[in-house]
Amino acid sequence: METVDATHTPIPVGSRNRGLPASAAFDWLRAGWHDLTIHPGPSLAYGVAVFAVSLGVVACLFYLGLDYILFPAIAAFLVVGPLVAIGLYEKSRRIEAGEPVTLGRMLFVRAASGAQVIFTGVILCGLALLWMRAAVILYALFFGLRPFPGLDHIAEMLFTTGIGWAMLITGTIVGGLFAAFAFAISAFSVPMLLDKKTDVFTAMGTSISLVWNNLPVMFAWGTIVLMLTALGLATGMIGLIIVFPLLGHATWHAYKALH
């Protein structure tokens with residue numbers, strides 16, 4: 001059983017404000033692209049795996065008649081994405097340290113915090129499931145037992161009826177709260193658990209503090225992540241082959257810049 005170093009000292013709150021401008025987010029993106037182009041094979045293979053799994057999940061949802069949770073499932077992907085990207089953080093860490101990079105080392109990562117990473121995965125998956133359940137409950141509250149009309153008609157139902165607009169506004173507020181919380185706890189917690197021997201709650205607390213004390217650059221970074229992810233999804237998820245590794249490598253540089 002892995003033990004957590006009880007002597008770990010969190011960063012003093014005052015030192016967590018790096019005063020970085022919003023434009024620093026683009027520096028992280030450029031650094032991520034640099035890491036992607038160094039030994040690109042493992043990173044692209046990682047992206048192909050994410051694309052294949054995502055495509056399989058979507059196909060299963062349609063096959064099982066669960067297309068009504070497609071959009072909540074996409075939101076859940078954003079929640080667990082930082083954990084899935086741990087192998088990409090490892091590649092960037094190895095490039096930084098001058099260590100060899102292989103796909104095997106990216107897939108079988110030995111995090112400094114050991115099993116605490118697994119605990120993080122449980123928490124993030126639980127949050128993702130809660131978000132999906134909240135979306136289903138919201139639909140039921142506004143539309144009752146009316147069957148889901150399908151993706152071909154959902155836009156008409158949302159944008160041409162008063163109830164649809166009410167659900168859309170409420171769902172945006174609730175989803176925004178979930179998104180903000182998920183982003184705050186996961187933005188730097190997984191890279192920190194990879195990099196340092198600490199516990200999940202210290203990592204998540206530090207991540208929240210870093211996000212809160214660096215709002216301009218983190219707002220810019222969150223916007224970049226959302227837009228690039230949306231672009232990757234809009235291409236039938238093929239774009240994730242590039243977008244996911246790029247954001248994964250860039251997240252490591254964001255962590256190193258702010259931590």
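The values are calculated or read from the model by the stated rules, or taken from the named source; none is laboratory data. None of the values given here were measured: they were computed from a predicted structure. Reconstructed Cβ throughout: ideal geometry from the backbone, glycine too, with neighbour counts over all protein chains shown.
Checked against the criteria, G162 does not count as surrounded by fewer than 17 Cβ atoms within 10 Å (Cβ to Cβ), over 14 Å from the mean Cα position of the chain (by Cα) and on the phi > 0 side of the Ramachandran plot.
One line per residue, one yes/no per condition, for (1) buried (at least 18 other Cβ atoms within 10 Å of the Cβ); (2) at pLDDT below 90; (3) within 30 Å of A115 (Cα to Cα):
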{"site": "L158", "(1), (2), (3)": "no, yes, no"}
{"site": "M192", "(1), (2), (3)": "yes, no, yes"}
{"site": "G205", "(1), (2), (3)": "no, no, yes"}
{"site": "N214", "(1), (2), (3)": "yes, no, yes"}
{"site": "M218", "(1), (2), (3)": "yes, no, yes"}
{"site": "W221", "(1), (2), (3)": "yes, no, yes"}
{"site": "M227", "(1), (2), (3)": "no, no, no"}
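Looking at region 84-106 only, could you name the residues that are in a helix (DSSP H, G or I) and more than 19 Å from the chain's Cα centre (by Cα)? Of everything in region 84-106, those that are in a helix (DSSP H, G or I) and more than 19 Å from the chain's Cα centre (by Cα) turn out to be R94, I95, E96, A97, L103, G104, R105.
Evaluating R94 against the criteria (1) farther than 19 Å from K256 by Cβ; (2) charged (D, E, K, R); (3) surrounded by 12 or more Cβ atoms within 10 Å (Cβ to Cβ) leaves one unmet condition, (1).
Being out of contact with any His (no Cβ under 6 Å at 6 or more places or on another chain) and modelled with pLDDT under 95 holds for only one residue in R16, R30, and it is R16.
Please go through region 182-233 and pick out each residue that is over 22 Å from G87 (Cα atoms) and outside any helix (DSSP H, G or I). Result: N213, N214. Of the listed requirements (1) part of a loop (DSSP other than H, G, I, E, B); (2) without any contact (Cβ under 8 Å) to a residue 24 or more places away in the chain, V109 misses just one: (2). For region 31-57, the set of residues classified as farther than 17 Å from G121 by Cβ, in contact with a helix residue (DSSP H, G or I) (Cβ under 7 Å, 6 or more places away or on another chain) and hydrophobic (A, V, I, L, M, F, W, C) consists of A31, W33, L36, I38, L44, A45, V48, F51, listed by residue number. Across region 173-190, the number of residues qualifying as loosely packed, with under 13 Cβ neighbours inside 10 Å and at pLDDT below 85 comes to 1. Scanning region 118-141 for residues that are within 27 Å of I242 (Cβ to Cβ) and either at pLDDT 90 or above or of a type outside the set (A, V, I, L, M) (or both) yields a total of 4.
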